[in-house]
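Read through the structure below, which is laid out as structure tokens, and then see the notes.
The values are calculated or read from the model by the stated rules, or taken from the named source; none is laboratory data. Note that the coordinates shown come from a computational prediction; the quantities given were computed from them, not determined experimentally. FYI the Cβ positions are ideal-geometry reconstructions off the backbone, even for glycines, and counts take in every protein chain you see.
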Amino acid sequence: MSRPEASPKSYARGREPEASVALALLATMRRDLLALLRRPGAAFNSLAFFALVITLFPIGISPDPELLATIAPGLLWVAALLAALLSLDGMFRDDFADGTLEQLLLAAQPLPLMALAKVAVHWLTTGLPLALMAPVLGVMLSLPPGSYAVLVLSLALGSATLSVIGAIGAALTVGLSRGGVLLSLLVLPLYVPVLIFGAGAVQAAIAGTSVAAHLALLGALLAVSLVFAPWAIAASLRISLNG
Amino acid sequence: MAFDSFAAFLAMGGHAAYVWPAYGATLLLLIGVVLHLRLERRRLWRELRRRARRERRQAGDANREVSS
Amino acid sequence: MSLRLQARKLACERDGRWLFRDLDLEIRSGEILRVEGPNGSGKTTLLKILSGQLADYEGSIFWRDAPLRRVHRNFLASLLYLGHAPGVKAALTPLENLAWYQAMAGTGGTEAQRMSALEMVGLRGFEDLPAGQLSAGQQRRVALARLELTPRPLWVLDEPFTAIDREGVADLEARLAAHVRGGGSVVLTTHQALDIPVPMCRVRLGEGKGNVAS
Amino acid sequence: MWAFFHKLASPKGFYAFSARLSPWFWAAAAVLIGAGVVWGLAFAPADYQQGNSFRIIYVHVPAAFLAQSIFVAMALAGLVFMVWKIKLADMAATAMAPLGAGMTFVALLSGAVWGVPTWGTWWQWDARLTSMLILFFLYIGVIALRGAFDGRDSGSRAASVLTMVGVINIPIIKYSVEWWYTLHQPATFSITSRPAMPVEMWLPLLIMVLGFYSFFIAVTLTRTRSVILHRESAKRWVRELAGEDG
């Protein structure tokens, strides 16, 4: 075989791990986005689910616009939350199956940050599209005008927290063959505060009161989960892969 | 004593239907936990003893083989 | 000697059962360690412990005479581990897969490097096909291209010959030999009879205790 | 001193130690709960607003206390297990979980029953009851996650992580639910928050709370012993113990 002999010197010098973190982060995000672009089905499915669930409510409750308008903030938020939940299971599952998750754990890079890169991609491909799509569904539920901007903003902010917290559950259940239902059982109770402040923000906007407190609390939730969750995700991934 | 008679105690001032079930459910849980503990323990010991007997038998068999 | 991985009194218990106990190992530059044993004897577990993935063991492991737990990041930067799964994303092309690995290794790398690595494993002409369309053996070859792409002194390979054809096996054997001669070292498991003209240590697992033989 | 703790933290040492300790807690639990029940049911005065339905407080509040304390205890045990790799801590957490779920259920049930004479409905989305319900789901999640893993060790670790995540979330959930509740029904009064109680009302409550805690400790000690025997059943000391006995 024609191969230059690797001299011992060529790897005697250890690479500087710190300098390369940004490169690895970007590469991981790029890779995940690329893989999603090649198979856009998963991201599209949760959007379709969101629209479908919203369609079911007027059919199940009543087409009365006044009634719908009062429950619209909660409906939109609950449906978006469920749609985000639906896509959680896939966050690490493909990587687990093809072995790249194992390699991610073996890279000389900080795992909490790498996991955060994957969470960011998840939010970019589910949370953000859901937030941008919500106004259209809001019109269908006769959501009062003046609350649309707050709806988008609260969903964008809140769904980031949902992705971060949900990633803990996804990481804990990635090694289980039937983890899907269990995942929702683990994650939904933790979603309660986000739902309260998110739906509360839209309701406050409709009532004409200040939404700053709600949005600030949503931001605080995101900040807190960004501080704690990456460590929990990393630990959970290690448990799921290596027991 | 907060009640005049035993009948009044049972009636709980008209709230018997709420007070007694609440206490009943709680005591049921406490007793259930204790019973479950005992049952679990007994089953575990039975299993452990069976395993110990089996091991002793196997050891006995091995000895016999060596001596013969 | 720059490369030295030592394990002392290694023991691993899984759910109340000892996989191995009192295992002493040493891997130096220019050596191959082959882990043998029947199915379920803990070969993969031992490899995962030696590559720093499993922390749930008794005994101690030293990398370059420092405890592994303390120099973990440094250790990972000199390790290349190939597991059961090839670690190749089906939606991406071999080139894109390798680009990710280069970035994770901390080096940007060039496309020319990736191309030559793919050529080395006989995947010329498949660079731009999604890996999902490649055969299992070809996907395994994409993973093996990493051996060329990111030079690391210590290779830990779990069943590297899986799904590889006879020619590929010979290639890989030659590559292992070259790596070891160049001062690297290899820990591997395989059911294959190996034909590598370099010193090889063996560890036999099973019966709850590991036996080391040279 | 260190050696003493080290011995305690080993399953075998704990097994011997807990055998001497647990009877005291069982006795304390029986006496305190017995006295508390009699006092609370028969001797404590009726509430001037709620009448005799107020007596439910003597089972509802201790159960609710225990429901929360057990989750915190499980999280602490999980932390000890993850950081110091002391398996005994995980065994204790395993032993506690079902009791915690049971206590949460009883707190919910007694709260719902209490709601009928107080609010005229079986279920009110009261802040405390709602967060108790969410706590119940958290318990179910932890128990289900532990059972879902094939390998016991990984199940233990996963449950520990989830318990710790849950315990960080419990105060956040509690405050957000309270905030939500006051926003939606500001005027309703809560069943358990009341102005200062007279001594003859809160003393039996204190006794019941202490009794429930003793019960919790007794159950945990005893059940941990079973878990130890189960998990260490291959170890020599357990086999010798079983051999002597049979």
Given the conditions (1) of a type in the set (A, V, I, L, M, F, W, C); (2) out of contact with any helix residue (DSSP H, G or I) (no Cβ under 7 Å at 6 or more places or on another chain); (3) touching a residue at least 60 places away in the same chain (Cβ under 8 Å); (4) more than 11 Å from every other protein chain (Cβ to nearest Cβ), and given that C:Leu144 satisfies all but one, which numbered condition is not satisfied? (2)
Six or more apart or on different chains, Cβ atoms under 8 Å: show the pairs whose first residue is in segment D:160-176 and buried (at least 22 other Cβ atoms within 10 Å of the Cβ) and whose second is of a type in the set (Phe, Trp, Tyr). D:Ser160/D:Phe81; D:Thr163/D:Phe71; D:Val165/A:Phe228; D:Gly166/D:Phe71; D:Ser176/A:Phe197
Give me the helices (runs of 4 or more DSSP H) completely within segment D:1-116, filtered to those with at least 2 residues that are at pLDDT below 90 and among the aliphatic types (A, V, I, L, M), ordered by residue number. D:2-9
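Go over the candidates D:Ser131, D:Ser110 one by one and state the one that is over 20 Å from A:Ile233 (Cβ atoms), buried (at least 20 other Cβ atoms within 10 Å of the Cβ) and within 12 Å of chain A (Cβ to nearest Cβ). Show your work before the answer.
Numbers: D:Ser110 fails: within 12 Å of chain A (Cβ to nearest Cβ).
On inspection, the qualifying residue turns out to be D:Ser131.
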Just for segment D:134-151: of the residues that are at the interface with chain A (Cβ under 8 Å from one of its Cβ atoms) and not hydrophobic (A, V, I, L, M, F, W, C), which one is nearest to A:Tyr191 (Cα to Cα)? D:Gly141
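Table: residues versus (1) touching a strand residue (DSSP E or B) at 6+ places or on another chain (Cβ under 8 Å); (2) in a loop (DSSP other than H, G, I, E, B); (3) facing another protein chain (nearest Cβ under 10 Å); (4) surrounded by fewer than 21 Cβ atoms within 10 Å (Cβ to Cβ).
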site: A:Ser142; (1), (2), (3), (4): no, yes, no, yes
site: A:Thr161; (1), (2), (3), (4): no, no, no, no
site: A:Ile165; (1), (2), (3), (4): no, no, yes, no
site: A:Gly169; (1), (2), (3), (4): no, no, yes, no
site: A:Val202; (1), (2), (3), (4): no, no, no, no
site: A:Ser210; (1), (2), (3), (4): no, yes, no, yes
site: A:Ala216; (1), (2), (3), (4): no, no, no, yes
site: A:Pro230; (1), (2), (3), (4): no, no, no, no
site: A:Ile239; (1), (2), (3), (4): no, no, yes, no
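From the list C:Gly132, C:Gly83, C:Gly87, pick out the single residue that is within 12 Å of chain A (Cβ to nearest Cβ), of a type in the set (Gly, Ala, Ser) and touching a residue at least 60 places away in the same chain (Cβ under 8 Å). Step through it out loud before you land on a result.
Numbers: C:Gly132 fails: touching a residue at least 60 places away in the same chain (Cβ under 8 Å); C:Gly87 fails: touching a residue at least 60 places away in the same chain (Cβ under 8 Å).
On inspection, the qualifying residue turns out to be C:Gly83.
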Odd one out for C:Ser60 among (1) assigned to a strand (DSSP E or B); (2) closer than 30 Å to C:Ala193 by Cβ: (2)
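State yes or no: is C:Arg69 assigned to a loop (DSSP other than H, G, I, E, B), touching a helix residue (DSSP H, G or I) at 6+ places or on another chain (Cβ under 9 Å), away from chain A (no Cβ under 11 Å) and surrounded by fewer than 21 Cβ atoms within 10 Å (Cβ to Cβ)? Spell out the reasoning first.
Working: assigned to a loop (DSSP other than H, G, I, E, B): yes; touching a helix residue (DSSP H, G or I) at 6+ places or on another chain (Cβ under 9 Å): no; away from chain A (no Cβ under 11 Å): yes; surrounded by fewer than 21 Cβ atoms within 10 Å (Cβ to Cβ): yes.
When the stated conditions are applied, C:Arg69 does not pass them.
Do we have any residue at all in segment A:67-79 that's β-branched (Val, Ile, Thr), under 30 Å from C:Gly87 (Cα atoms) and either assigned to a helix (DSSP H, G or I) or at pLDDT 95 or above (or both)?
First, the residues of segment A:67-79 that are β-branched (Val, Ile, Thr): A:70-71, A:78.
Still in the running and under 30 Å from C:Gly87 (Cα atoms): none.
No - not one qualifying residue is present in segment A:67-79.
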Report, by residue number, each residue of segment D:197-246 that is within 11 Å of chain B (Cβ to nearest Cβ) and aromatic (Phe, Trp, Tyr). D:Phe212, D:Phe215, D:Phe216
Conditions (1) without any contact (Cβ under 8 Å) to a residue 24 or more places away in the chain; (2) closer than 21 Å to C:Ser51 by Cβ; number of the one not met by C:Val169: (2)
If D:Trp125 satisfies all but one of (1) more than 18 Å from the chain's Cα centre (by Cα); (2) part of a helix (DSSP H, G or I); (3) within 14 Å of chain A (Cβ to nearest Cβ), what's the number of the condition it fails? (2)
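Anything in segment A:94-125 that is more than 14 Å from the chain's Cα centre (by Cα), touching a residue at least 24 places away in the same chain (Cβ under 8 Å) and in a helix (DSSP H, G or I)? List them, or say none.
Keep residues of segment A:94-125 that are more than 14 Å from the chain's Cα centre (by Cα), which gives A:94-114.
Going one step further and asking which of them are touching a residue at least 24 places away in the same chain (Cβ under 8 Å), we end up with A:94, A:96, A:101-102, A:104-105, A:107-114.
Scanning segment A:94-125 gives A:Asp94, A:Phe96, A:Leu101, A:Glu102, A:Leu104, A:Leu105, A:Leu111, A:Pro112, A:Leu113, A:Met114.
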Hey, which of the strands (runs of 3 or more DSSP E) in segment C:1-42, taking only ones fully inside, have at least 2 residues that are loosely packed, with under 15 Cβ neighbours inside 10 Å? C:4-14, C:17-28
In segment C:72-97, what residues are of a type outside the set (S, T, N, Q) and assigned to a loop (DSSP other than H, G, I, E, B)? C:Gly83, C:His84, C:Ala85, C:Pro86, C:Gly87, C:Val88, C:Lys89, C:Ala90, C:Ala91, C:Leu92
For B:Asp4, indicate whether it is more than 8 Å from chain D (Cβ to nearest Cβ), more than 21 Å from D:Glu200 (Cβ to Cβ) and exposed (fewer than 14 other Cβ atoms within 10 Å of the Cβ). no
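Could you pull out the residue among D:Arg239, D:Arg194, D:Arg231, D:Arg152 that is modelled with pLDDT under 90 and in contact with a Pro (Cβ under 8 Å, 6 or more places away or on another chain)? Give the steps one after another, and end with the answer.
Details: D:Arg239 fails: in contact with a Pro (Cβ under 8 Å, 6 or more places away or on another chain); D:Arg194 fails: in contact with a Pro (Cβ under 8 Å, 6 or more places away or on another chain); D:Arg152 fails: in contact with a Pro (Cβ under 8 Å, 6 or more places away or on another chain).
The match here is D:Arg231.
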Identify, by number, the condition in (1) in a loop (DSSP other than H, G, I, E, B); (2) surrounded by 22 or more Cβ atoms within 10 Å (Cβ to Cβ) that A:Ala134 doesn't meet. (1)
Taking segment A:104-118 as the region of interest, how many residues are surrounded by 23 or more Cβ atoms within 10 Å (Cβ to Cβ) and more than 14 Å from chain C (Cβ to nearest Cβ)? 0
May I ask you to list the residues in segment C:149-169 that are surrounded by fewer than 20 Cβ atoms within 10 Å (Cβ to Cβ) and farther than 19 Å from C:Thr189 by Cβ? C:Pro151, C:Asp165, C:Arg166, C:Glu167
Segment C:98-120, subset part of a helix (DSSP H, G or I), without any contact (Cβ under 8 Å) to a residue 12 or more places away in the chain and within 11 Å of another protein chain (Cβ to nearest Cβ), residue surrounded by the fewest Cβ atoms within 10 Å (Cβ to Cβ): C:Glu119
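Across segment D:206-235, what is the number of residues that are under 26 Å from D:Ala46 (Cβ atoms) and either crowded, with 22+ Cβ neighbours inside 10 Å or in contact with a helix residue (DSSP H, G or I) (Cβ under 6 Å, 6 or more places away or on another chain) (or both)? Show your work before the answer.
Step one: of segment D:206-235, the residues under 26 Å from D:Ala46 (Cβ atoms) are D:206-212.
If we keep only those that are either crowded, with 22+ Cβ neighbours inside 10 Å or in contact with a helix residue (DSSP H, G or I) (Cβ under 6 Å, 6 or more places away or on another chain) (or both) as well, we get D:207-212.
The qualifying residues number 6.
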